[in-house]
1. Would you be able to tell me the number of residues in segment 194-213 that are of a type outside the set (Gly, Ala, Ser) and under 15 Å from GLY163 (Cα atoms)?
2. Within the bounds of segment 55-62, is there any residue that is hydroxyl-bearing (Ser, Thr, Tyr) and at pLDDT 85 or above?
3. Is there a residue being within 23 Å of the chain's Cα centre (by Cα) and at pLDDT below 85 anywhere in segment 121-136?
Amino acid sequence: MRSTTVGVGVAAVALWVGLGSGAAAAQVCGDADASGAVGVTDGVQALRAAAGLGSSCTASRCDVDGSGVVTISDGVNVLRKAAGLTIAEACPAATTQESVRAFLGEMTKVARAPGVAASATLARVGAAAVPAVVVECDEGFFETDGDRAVYHACRFGTLLVDGAVTSTVDPRSDPENGRFIKTDVYERYEVRFLDSGFTFRQDGTSTIDIDTRANRLVENATLTIVVGDSALGQDEYTLRKIDLTTDTQSGAVLTGSLVSALASAGLAGIEEVTLGYRTSTTADVEVAFEDGHTESFAYDLVTNELTPLANGGAAARAAIDRRRA
């Protein structure tokens with residue numbers, strides 16, 4: 001079998017730019033200042049809250065024993081945790097806003113990373129007649145044979161990809177005009193973010209419409225995502241991508257929606273979170289609850305600020321119902 005080595009094009013490499021930014025960390029019990037770690041300063045903040053003084057504490061971060069109020073005992077326990085001592089932790093569930101905000105950074109990372117492979121495999125889609133191709137990454141490589149590509153510690157910028165993708169090219173594709181429509185089936189596909197250590201695996205099917213002349217990639221998919229130590233405490237969930245449109249040169253998601261089914265997460269009855277991109281920096285977030293009500297937020301993709309929107313519930317529920325129909 002003949003083997004050919006080719007380089008990954010500019011569009012493939014560009015997609016990883018900026019993928020490491022904007023991820024929110026999971027909430028940590030005792031982390032008064034929400035820095036992502038518990039230190040002596042957090043203990044001081046908890047003691048200030050117990051004394052009725054100004055503090056960065058919230059009950060979900062500083063009520064360590066779950067008593068319903070922040071007390072001196074909580075402050076002492078935070079200091080013990082900061083010193084590396086074992087404590088009993090029973091922080092109450094975070095508010096909807098805190099819970100969703102912690103997950104959104106994770107959700108957007110998971111959604112965008114597979115686009116790297118989608119763009120990279122264009123090299124072989126355009127040369128389907130070649131029986132075997134080896135494609136070099138920044139480090140590692142992926143090899144293809146027919147419709148199947150297998151990634152071997154393939155690094156794209158800050159992403160490390162392992163696993164297999166089987167692609168079927170749609171006859172509606174128009175290679176002469178730079179348009180490719182294909183269906184990708186992921187197998188043991190794992191992505192690791194080298195800058196943070198965040199790792200996820202996914203299985204499922206994705207349909208991708210790539211326009212190389214317009215530098216656009218539109219994806220529709222239903223995927224099973226497996227994440228160790230997820231921000232939600234739910235290690236496996238379903239993620240749907242609905243007309244998720246990415247600029248293949250900048251890596252920015254332009255429009256489209258992400259829908260995550262979270263019924264098993266146990267977070268204040270949250271059933272589903274939908275993130276709808278309005279621009280490359282702003283999005284609307286709709287949170288659907290098991291009891292039928294919804295809450296709406298505006299989300300800043302740069303700062304991770306999540307702002308509640310008044311009177312948005314009815315419209316949000318109608319939008320969710322339309323997607324489910």
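The values are calculated or read from the model by the stated rules, or taken from the named source; none is laboratory data. Every value quoted in this text rests on a predicted model; they were computed, and no experiment measured them.
1. Step one: filter segment 194-213 for residues of a type outside the set (Gly, Ala, Ser), giving 194-195, 198-203, 205, 207-213.
Those still in the list that are under 15 Å from GLY163 (Cα atoms) too: 199-203, 205.
Of the residues in that region, 6 qualify.
2. Restricting attention to segment 55-62, the residues satisfying the condition of being hydroxyl-bearing (Ser, Thr, Tyr) are 55-56, 58, 60.
When the remaining residues are screened for being at pLDDT 85 or above, the result is 55.
Among the residues of segment 55-62, at least one is hydroxyl-bearing (Ser, Thr, Tyr) and at pLDDT 85 or above, which makes the answer yes.
3. Narrowing segment 121-136 to residues within 23 Å of the chain's Cα centre (by Cα): 121.
Narrowing the set further to residues that are at pLDDT below 85 leaves 121.
Scanning segment 121-136, I find at least one residue that is within 23 Å of the chain's Cα centre (by Cα) and at pLDDT below 85, so the answer is yes.
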